[in-house]
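Working notes for the structure below.
The values are calculated or read from the model by the stated rules, or taken from the named source; none is laboratory data. Here the structure is a predicted model, which is why all the values come from computation and not from measurement. Quick reminder, even Gly has a Cβ in these numbers, built from the backbone with ideal geometry, and neighbours come from all protein chains shown. Heads up: the accessible areas ignore ligands, DNA and RNA and are worked out on the full protein's heavy atoms, side chains in. Shrake-Rupley method; radii C 1.70, N 1.55, O 1.52, S 1.80 Å.
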Amino acid sequence: MDYEKFFKLDQRPFKPTLEAKFFYRTEGFEKLSALLQQDLLPPLILLLGDGGSGKSTFVKRLPREVSEFTRMAPILEPTVSFADILRQALNFLGLGFKCPPSARDEELLGFFQNAVDESLNDGLGFVLAVDDADKLDLETISDLLTLSRLDPRWEGRVCLLLAGPAPDSSKPAQREPSRTPGPNQNFGHGPGQDQDQDQEPDYQWPPEELRQMALTVELKGLNLKETIEFVRHRLSAAGSAKELFTTEAFQSVKNLSHGHPGMINALAEKALMTAWASGKYLVTNSHVIQAKVNFDNPITVSDRAAKNAAGSGRQHHKISKRSWISLLSAALIVGVMAWLLWPSTKGLTQATQEIAQNEAHEALPLEPGPQATPSADPVPDGVLGLPSLPPSVVKLPQTGVTLVVENGQKMARLWQGGLDGPGLKAEIAAPDFKDPGLYLVGRPNSRSPIIFRYPPKTELPRTAAVNLWKRVETLLPQDILPLMVGPGPELAKSVPNVAASHLSGFLDRWISAQTDKKPQDMADLYAETFSFFEPGHKPVSISKTNLRLTLESEAQAAGEIRLTTSDPLIMLDPRDQNRAWIVFTLKYDSKLRHNIGLRTLIVEKTSSKDWAIVAELWLKEETVKS
């Protein structure tokens, strides 16, 4: 029985969704919605808030909310060229078919101008809303400001909305723009000072001059009353007719989430799962605290565990917001992958301190509900002695997950990448798999679970996969995950320290060979013959010679090639440590094609330092979207 049936819910109450019945209208949303329904629109709005405060949800939800008054085009992937931003807007407005890949920038601008004029002629305002605007360079911000006032007739009718994090006073001041941009001026960039779009912007967000120009809406955390209303609203929308959280549990959810809706959803769902796993029908304070440790801050291991247990400082890393693309397969050998995007917080000791040291608790706006005896044993203060991630998982990126099945132990462990390294998320009962190795296992939509493995095999462990999926599906809001299977001794085999750097360096060489258009360098990374897998097509065997000839032909016609990749998951095959999987999302742009998808390079070792690609799995986004 999954936790939905256990609590008599129709569906997951805290899942990411834009369904109207689940949407809780916060004070910040009401203010922003009212602004965008006015006859006279402000020229520039800054929507600021911490991670999880609801900025992205607002940008996605607002177009339908204000549709009677304003036409809105949301930009959800701003770290692209200005031309691609125009394409995103036109695609959302249903005008993408008018813009062939060969369309020049001035043509795209003309299409956009016509779309805005059409909205104004229909009596509607127009809003261009950009999420994650702090990822934009200053030149693109300048272009967007110029775009929003392209025509004098647009004044008061066209608005630019930029969503990004609230100012962080703890960050050192960086270069600010030197002037307010005019119609033909760059916002802090001189001519020819192009900034690499993959670099962090070299200014402090939001620029002070931008704040002076804008009307600012800053999203604050929900108070206790609003947090309770939020949780109850989501539970009611999912079919709950009973109170499922104690008063103390509500208080802990509010304190530990800081009232941010995204964090409330994440914490409340994991608290429900913790209570369900303990056989309790009421979520208590103990369940919320344990959920914080097991979900918000993955329990770390080895040296990092010792540091956390001793109260050491954290090591901060750059977090990539490019999520894995959810993909769907029509063939047995084709799998899909999506990465969890979990917020990062502190450990158990700090969790309880946050509750104990919180300023005066706000009065509960309800009668105290029934209490339940804490069902879960206290989580120990410290993490030493916990199992460690198998060395064969060479690299688990932040927000990445993988499931490790230890044959013979009837058990699987779910691991997640975090700020301080990999952490143990959960342990579940698991059947033994006949064949050890690497798999992608999942349940695309309502289909039966599917499996991808290499080398391809006709006899796949379907029964084991089905049984495993029944146990793991309630733990993940996704339809697939990578799977490593093997007996304990194989999984515990040590891996040379150079493996991670060599394999990461291999991917860098693969990317450079494409962007620099060096066909011979690219071909040198492949085996003499390799296999290529793609949905809807039979596997193809390609020789290195034919690959080089094809690349030489494309290099002459492709023009500039731009590649954007996510941080890869790298795993060695427990059956053979001379074989590895490198899995990452890829965006490819050139004159010849524009593709987004999931790429898996399967490489085999050819010498002490060199690897060669023996197979590729390529899943285009458009071929697998449902």
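Points worth noting:
- The distance from the alpha carbon centre of the stretch 209-286 to that of the stretch 553-626 is 39 Å, rounded to a whole number.
- Residues with amide H under 5 Å from that of Val283, placed H, sequence gap 5 or more: Phe245, Thr246
- Annotation: amide H-H contacts under 5 Å for Lys425 (H modelled 1.01 Å from N, sequence separation of 5 or more, or interchain): Leu414, Trp415, Gln416.
- Sparse-neighbour loop sites [GluC sites (Glu not before Pro); the stretch 61-114; at most 10 other C-beta within 10 Å; DSSP]: Glu68
- Glu106 paired with Lys493, simple spin-label distance in nm, labels 7 Å along Cα-to-beta-carbon: 6.2
- Taking Tyr526, Tyr281 and ordering them by how much accessible surface each has at a 1.4 Å probe, largest first, produces Tyr281, Tyr526.
- DSSP-defined beta bridges in the stretch 506-626 - what % are antiparallel, rounded to 5: 90
- Per-residue packing, averaged as other Cβ atoms within 10 Å, sorts the ranges 567-577, 424-434, 543-553 into the order 567-577, 424-434, 543-553, beginning with the highest.
- Whole-Hz ³J(HN,Hα) from phi, Karplus 6.51 cos²θ - 1.76 cosθ + 1.60, for the stretch 51-62, glycine and proline x: x, x, 7, x, 4, 5, 4, 4, 4, 7, 7, 4
- Distance between the stretch 1-31 and the stretch 113-128 - C-alpha centres, whole angstrom: 33
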